[in-house]
Every structure is written in C-alpha cells, then in structure tokens.
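Asks: My questions will all concern the structure given below.
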Amino acid sequence: MSAGLSTRVVHGGERTSHAEEVLAVVERIPRGKVMTYKDVSEYVGWGSGRTVGAVMSRHGHEVPWHRVLLSNGRPNPANPEEALRLLKRDRTPMMPDGERVDLKRARWDGR
DNA sequence: AGCCTGACAGATA
DNA sequence: GTATCTGCCAGGC
C-alpha cells in the first residue's frame, strides 16, 4: 500500500458528509505541509482528485485551501498568485523556480 | 436513466 | 518544457 493513504478518516461514528470529511482533512494539514487533490480523495476514501476539487471550489473558502495542490506541485489554478503567497508565508519547501512546491519534502501523509 | 460539467491525474507524443 | 487524450466520479439537470 502507498504511504499513509489507506488510513480512513472516521469521526467517531458521527455521520458526516463526504464534503465535510474533505474539509476536515484539509483543515488538519500543518503549516509548511501540503496534500494533492488526489491525496485527499484517497485519504478520505471517497471520490477522485476531480471531485475533491469540486468540493474545495464550493466549500473550501474557510480552510487552508492553498495547501491543496495539483500533482505537479503547482497551486490551485483558480488563484495561484494568492496561493503562492500563502505557501511562502507557511515556509513551504519550494522548487528552485519558486512556482511549484517541492512535493518530495512538503507532502503530508496525515501523521 | 443519460448527458454535461469540472480548483484533477497519468500516459503519451 | 507544452499539448492532447483518456480515465476519473460526484452533482446537477
């Protein structure tokens, strides 16, 4: 199995919607760490990178949305400037070009 | 049920 | 590096 991705997020029997689980996970991503859309979908065991993106688009305005990235390390296409600014404020490990996050170092596995 | 849409991802050229 | 295609899958109509 791939590192940490088999862990399901379960809220003590509480019946939460999939969208809420997605937001709950994003909220837990530590400063300086990131997850990809796909990472999140696998972590919560629901949907796909695409569907996580849809959730973030509609309900992600109050969580650290800038810590959710494309698989190539680039930030959210809807607001890349702002995302980059916040990521740098987080001291997120970046690639030399400063445009992409260094996923190798910054990826969060949920621990 | 069927069709379309989309803050995605991987493979290929 | 870019462009294109295919697969993905929940939501809305």
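Asks: Report, by chain and number, residues whose modeled amide H sits under 5 Å from the one on A:ARG107, excluding near sequence neighbours (fewer than 5 apart, same chain).
Replies: Excluding prolines and chain starts, which carry no amide H, the hits are A:VAL34.
Asks: Under 5 Å between amide H atoms, partner at least 5 residues away or on a different chain: which partners does A:LEU69 have, H built in plane at 1.01 Å?
Replies: A:MET35, A:THR36, A:TYR37
Asks: With +1 on each Lys and Arg Cβ and -1 on each Asp and Glu Cβ, and nothing else charged, work out how big the dipole of chain A is about its Cα centre, in Debye to the nearest 20.
Replies: Numbers: 19 positive and 14 negative charges, 61 e Å.
It comes to approximately 300 debye.
Asks: Quick one: if you stick a label point 7 Å off each Cα along the C-beta vector at A:ALA78 and A:HIS18, how many nm between them?
Replies: That separation, rounded to one decimal, is 1.8 nm.
Asks: A follow-up question, please. What does the convex hull of the Cα atoms come to per residue for region A:54-111, in Å³? Intermediate values should be presented prior to the final figure.
Replies: Details: hull volume 5.7 nm³, N = 58.
In region A:54-111, the Cα hull volume divided by residue count equals 99 Å³.
Asks: So for region A:13-81, taking the charge dipole from beta-carbon charges (+1 Lys/Arg, -1 Asp/Glu), which of A:VAL22, A:PRO75, A:VAL40 sits furthest toward the positive end?
Replies: A:PRO75
Asks: Let me ask something else. What list of ³J(HN,Hα) values in whole Hz, one per residue of region A:41-57 in order, does the Karplus curve 6.51 cos²θ - 1.76 cosθ + 1.60 (θ = phi - 60°) give from phi, with Gly and Pro shown as x?
Replies: After applying 6.51 cos²θ - 1.76 cosθ + 1.60, I find 4, 6, 5, 7, x, 8, x, 9, x, 4, 6, 5, x, 5, 5, 4, 4 Hz.
Asks: What's the exposure ranking of A:TRP65, A:TRP46, going from fewest to most Cβ atoms within 10 Å? Kindly include the intermediate steps, with their values, before the conclusion.
Replies: Numbers: A:TRP65 21, A:TRP46 18.
Sorted ascending by nearby Cβ count, the order is A:TRP46, A:TRP65.
Asks: Residue by residue through region A:60-65, what is 3J(HN,Hα) from phi via Karplus (6.51 cos²θ - 1.76 cosθ + 1.60, θ = phi - 60°)? Round to whole Hz and write x for glycine and proline.
Replies: Along region A:60-65, the couplings run x, 5, 10, 10, x, 4 Hz.
Taken together, the values in this text are just the output of simple stated rules run on the coordinates, not laboratory data. It should be emphasised that the depicted structure is a prediction, and the values quoted were computed from it without experimental measurement. For neighbour counting, all protein chains shown are included, and Cβ atoms are generated from backbone atoms with ideal geometry for every residue, glycine included.
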